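The values are calculated or read from the model by the stated rules, or taken from the named source; none is laboratory data. Note that the structure is predicted; figures quoted are calculated from it, not measured. When we count neighbours, we look across all protein chains shown, and the Cβ atoms used for this are built from the backbone with ideal geometry, even at glycine.
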Amino acid sequence: MNSYSPKHIAALIERVGRLLSTEAHAEGLLPVQWETLRYLHKANRFSRTAAAVTAYLGLTKGTVSQTLNALESRGLVAKRIDPKDRRSKRLSLSAKGKRLLRKDPLGVTVTAVNALEHSAQQALDESLGALLASRLTGQGRQPFGQCRDCQYFADQHDDGGPHYCQLLQEKLASKDAEAICYEQLPK
Ligand code: SF4
(Lines give C-alpha, C1' and ligand atoms only; values in the text may rest on other atoms or scores of the structure.)
Protein backbone atom coordinates (compact mmCIF):
# COMPACT_ATOMS: atom_id res chain seq x y z
CA MET A 1 0.00 0.00 0.00
CA ASN A 2 1.22 3.55 -0.78
CA SER A 3 2.31 5.62 2.18
CA TYR A 4 -0.06 8.45 2.87
CA SER A 5 -0.24 11.50 5.08
CA PRO A 6 -2.94 14.04 5.94
CA LYS A 7 -0.98 16.63 3.93
CA HIS A 8 -0.90 14.38 0.86
CA ILE A 9 -4.64 13.65 1.15
CA ALA A 10 -5.41 17.38 1.45
CA ALA A 11 -3.28 18.03 -1.67
CA LEU A 12 -5.18 15.32 -3.57
CA ILE A 13 -8.50 16.89 -2.59
CA GLU A 14 -7.20 20.27 -3.76
CA ARG A 15 -6.20 18.84 -7.15
CA VAL A 16 -9.54 17.09 -7.64
CA GLY A 17 -11.27 20.36 -6.71
CA ARG A 18 -9.16 22.20 -9.30
CA LEU A 19 -10.08 19.66 -11.99
CA LEU A 20 -13.77 19.98 -11.17
CA SER A 21 -13.59 23.74 -11.20
CA THR A 22 -11.84 23.83 -14.59
CA GLU A 23 -14.35 21.41 -16.15
CA ALA A 24 -17.28 23.39 -14.73
CA HIS A 25 -16.78 26.17 -17.29
CA ALA A 26 -19.21 24.43 -19.63
CA GLU A 27 -22.31 25.21 -21.70
CA GLY A 28 -21.64 28.93 -21.16
CA LEU A 29 -22.06 28.63 -17.37
CA LEU A 30 -19.65 29.36 -14.53
CA PRO A 31 -18.83 26.77 -11.82
CA VAL A 32 -20.97 28.61 -9.24
CA GLN A 33 -23.92 28.60 -11.65
CA TRP A 34 -23.65 24.82 -12.06
CA GLU A 35 -23.43 24.41 -8.27
CA THR A 36 -26.58 26.49 -7.86
CA LEU A 37 -28.49 24.42 -10.44
CA ARG A 38 -27.41 21.21 -8.70
CA TYR A 39 -28.42 22.59 -5.32
CA LEU A 40 -31.89 23.59 -6.53
CA HIS A 41 -32.31 20.13 -8.06
CA LYS A 42 -31.66 18.28 -4.79
CA ALA A 43 -33.00 20.75 -2.17
CA ASN A 44 -36.47 20.37 -0.66
CA ARG A 45 -39.18 23.01 -1.05
CA PHE A 46 -38.32 24.75 2.24
CA SER A 47 -34.70 25.21 1.15
CA ARG A 48 -35.10 26.67 -2.34
CA THR A 49 -34.52 30.30 -1.32
CA ALA A 50 -31.70 32.76 -1.95
CA ALA A 51 -30.78 32.65 1.78
CA ALA A 52 -30.44 28.86 1.71
CA VAL A 53 -28.37 28.95 -1.50
CA THR A 54 -26.11 31.53 0.20
CA ALA A 55 -25.68 29.30 3.27
CA TYR A 56 -25.07 26.17 1.18
CA LEU A 57 -22.45 27.73 -1.08
CA GLY A 58 -20.85 29.84 1.68
CA LEU A 59 -20.77 32.88 -0.59
CA THR A 60 -21.87 36.49 -0.12
CA LYS A 61 -25.48 37.52 -0.66
CA GLY A 62 -24.37 39.75 -3.55
CA THR A 63 -22.63 36.93 -5.41
CA VAL A 64 -25.62 34.62 -4.97
CA SER A 65 -28.04 37.33 -6.07
CA GLN A 66 -25.97 37.93 -9.24
CA THR A 67 -25.80 34.19 -9.88
CA LEU A 68 -29.56 33.72 -9.50
CA ASN A 69 -30.28 36.72 -11.72
CA ALA A 70 -28.00 35.32 -14.44
CA LEU A 71 -29.70 31.90 -14.24
CA GLU A 72 -33.14 33.50 -14.29
CA SER A 73 -32.29 35.64 -17.33
CA ARG A 74 -31.23 32.48 -19.18
CA GLY A 75 -34.54 30.86 -18.31
CA LEU A 76 -32.92 28.17 -16.15
CA VAL A 77 -34.36 29.22 -12.79
CA ALA A 78 -37.78 30.67 -11.90
CA LYS A 79 -38.60 32.87 -8.88
CA ARG A 80 -42.07 33.21 -7.38
CA ILE A 81 -43.48 34.91 -4.30
CA ASP A 82 -43.85 32.54 -1.35
CA PRO A 83 -47.61 32.38 -0.62
CA LYS A 84 -46.81 31.86 3.12
CA ASP A 85 -44.39 34.80 3.33
CA ARG A 86 -44.88 37.44 0.66
CA ARG A 87 -41.50 39.09 1.50
CA SER A 88 -39.69 35.99 0.40
CA LYS A 89 -39.25 34.30 -3.01
CA ARG A 90 -39.15 30.59 -3.76
CA LEU A 91 -36.79 29.33 -6.43
CA SER A 92 -37.23 26.40 -8.77
CA LEU A 93 -35.50 24.88 -11.76
CA SER A 94 -37.31 25.47 -15.04
CA ALA A 95 -37.79 22.65 -17.56
CA LYS A 96 -34.86 24.19 -19.47
CA GLY A 97 -32.74 24.12 -16.30
CA LYS A 98 -33.57 20.45 -15.73
CA ARG A 99 -32.67 19.63 -19.35
CA LEU A 100 -29.34 21.46 -19.04
CA LEU A 101 -28.48 19.49 -15.90
CA ARG A 102 -28.40 16.35 -18.06
CA LYS A 103 -25.19 17.86 -19.52
CA ASP A 104 -23.74 18.53 -16.07
CA PRO A 105 -19.91 18.52 -16.35
CA LEU A 106 -19.78 16.75 -12.97
CA GLY A 107 -20.97 13.66 -14.87
CA VAL A 108 -17.38 12.93 -15.95
CA THR A 109 -16.39 12.56 -12.30
CA VAL A 110 -19.51 10.54 -11.49
CA THR A 111 -18.46 8.08 -14.21
CA ALA A 112 -14.91 7.95 -12.84
CA VAL A 113 -16.17 7.27 -9.30
CA ASN A 114 -18.51 4.60 -10.64
CA ALA A 115 -15.52 2.80 -12.15
CA LEU A 116 -13.93 2.36 -8.70
CA GLU A 117 -14.46 -0.80 -6.61
CA HIS A 118 -17.65 -0.71 -4.56
CA SER A 119 -15.62 -0.78 -1.32
CA ALA A 120 -13.55 2.20 -2.51
CA GLN A 121 -16.72 4.14 -3.33
CA GLN A 122 -18.12 3.39 0.12
CA ALA A 123 -14.86 4.41 1.82
CA LEU A 124 -14.74 7.67 -0.17
CA ASP A 125 -18.37 8.42 0.64
CA GLU A 126 -17.82 7.92 4.37
CA SER A 127 -14.44 9.65 4.57
CA LEU A 128 -15.28 12.67 2.44
CA GLY A 129 -18.65 13.00 4.20
CA ALA A 130 -16.92 13.03 7.60
CA LEU A 131 -14.30 15.51 6.38
CA LEU A 132 -16.94 17.84 4.95
CA ALA A 133 -18.99 17.67 8.17
CA SER A 134 -15.92 18.49 10.23
CA ARG A 135 -14.97 21.48 8.04
CA LEU A 136 -18.55 22.82 7.98
CA THR A 137 -18.87 22.49 11.77
CA GLY A 138 -15.54 24.32 12.12
CA GLN A 139 -17.00 27.22 10.14
CA GLY A 140 -20.33 27.14 12.02
CA ARG A 141 -22.23 26.20 8.85
CA GLN A 142 -25.23 23.93 8.35
CA PRO A 143 -24.67 20.37 7.10
CA PHE A 144 -27.55 20.36 4.56
CA GLY A 145 -27.96 16.61 5.00
CA GLN A 146 -30.75 14.42 3.70
CA CYS A 147 -34.19 14.74 5.25
CA ARG A 148 -34.50 11.05 6.18
CA ASP A 149 -31.37 11.41 8.36
CA CYS A 150 -32.81 14.36 10.32
CA GLN A 151 -33.87 14.30 13.98
CA TYR A 152 -37.17 15.97 13.04
CA PHE A 153 -38.05 13.36 10.38
CA ALA A 154 -41.03 11.19 11.40
CA ASP A 155 -41.26 8.10 9.21
CA GLN A 156 -44.80 6.99 8.25
CA HIS A 157 -46.47 9.50 10.60
CA ASP A 158 -50.26 9.50 11.20
CA ASP A 159 -50.50 13.12 9.94
CA GLY A 160 -47.85 12.62 7.25
CA GLY A 161 -47.83 12.30 3.52
CA PRO A 162 -46.62 9.59 4.39
CA HIS A 163 -43.78 11.24 6.40
CA TYR A 164 -43.84 14.35 8.59
CA CYS A 165 -41.49 17.17 9.61
CA GLN A 166 -41.81 17.76 13.36
CA LEU A 167 -39.91 21.07 13.14
CA LEU A 168 -41.81 22.74 10.30
CA GLN A 169 -45.01 20.75 10.96
CA GLU A 170 -45.41 19.89 7.29
CA LYS A 171 -46.28 16.71 5.46
CA LEU A 172 -43.39 15.11 3.57
CA ALA A 173 -43.73 12.94 0.47
CA SER A 174 -41.53 9.90 -0.12
CA LYS A 175 -39.30 11.88 -2.51
CA ASP A 176 -38.88 14.62 0.15
CA ALA A 177 -37.09 12.06 2.36
CA GLU A 178 -34.21 11.96 -0.14
CA ALA A 179 -33.90 15.76 -0.57
CA ILE A 180 -31.45 17.95 1.32
CA CYS A 181 -32.65 20.64 3.73
CA TYR A 182 -31.44 23.94 5.17
CA GLU A 183 -32.88 23.00 8.59
CA GLN A 184 -31.55 19.44 8.72
CA LEU A 185 -30.26 18.33 12.13
CA PRO A 186 -28.30 15.08 11.81
CA LYS A 187 -29.41 12.14 14.01
S1 SF4 B 1 -37.41 16.66 8.85
FE2 SF4 B 1 -35.53 17.90 9.02
S3 SF4 B 1 -34.62 17.79 6.99
FE4 SF4 B 1 -36.77 17.16 6.78
S5 SF4 B 1 -37.89 19.02 6.26
FE6 SF4 B 1 -37.94 18.81 8.50
S7 SF4 B 1 -36.19 20.00 9.24
FE8 SF4 B 1 -35.88 19.63 7.04
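Of all residues in region 31-80, exactly one satisfies the criterion of being hydrophobic (A, V, I, L, M, F, W, C), more than 27 Å from A177 (Cβ to Cβ) and outside any helix (DSSP H, G or I), namely L59.
Report yes if some residue within region 174-184 is in a loop (DSSP other than H, G, I, E, B), within 16 Å of the ligand (Cβ to nearest atom), of a type in the set (A, V, I, L, M) and modelled with pLDDT of 95 or more; otherwise report no. Yes: one or more hits. Residue count for region 89-123 under the criterion of being surrounded by 12 or more Cβ atoms within 10 Å (Cβ to Cβ) and polar (S, T, N, Q): the result is 4. Tallying residues that are in contact (Cβ under 8 Å) with a residue 40 or more places away in the chain and of a type outside the set (D, E) within region 77-113 yields 15.
The residues in region 153-172 that are more than 8 Å from the ligand (Cβ to nearest atom), surrounded by 14 or more Cβ atoms within 10 Å (Cβ to Cβ) and among the small types (G, A, S) can be counted, and the count is 1. Taken over region 35-53, the criterion of being of a type in the set (S, T, Y) and either touching a Gly at 6+ places or on another chain (Cβ under 8 Å) or under 15 Å from P143 (Cα atoms) (or both) is satisfied by Y39, S47. Residue count for region 139-152 under the criterion of being within 10 Å of the ligand (Cβ to nearest atom) and exposed (fewer than 12 other Cβ atoms within 10 Å of the Cβ): the result is 1.
For region 85-112, name all the residues that are among the aliphatic types (A, V, I, L, M) and more than 28 Å from T54 (Cα to Cα).
Across region 85-112, the qualifying residue is only A112.
Within the set L68, L30, L37, L76, the sole residue that is more than 22 Å from C165 (Cβ to Cβ), surrounded by fewer than 17 Cβ atoms within 10 Å (Cβ to Cβ), among the aliphatic types (A, V, I, L, M) and away from the ligand (no atom under 16 Å from the Cβ) turns out to be L30. Scanning region 159-173 for residues that are acidic (D, E) and assigned to a strand (DSSP E or B) yields a single hit, E170. The residue pairs whose first member lies in region 12-31 and is within 11 Å of P105 (Cα to Cα) and touching a residue at least 12 places away in the same chain (Cβ under 8 Å), whose second member is acidic (D, E) and surrounded by 11 or more Cβ atoms within 10 Å (Cβ to Cβ), and whose beta carbons are closer than 8 Å, counting only pairs six or more residues apart or on different chains, are A24/E35.
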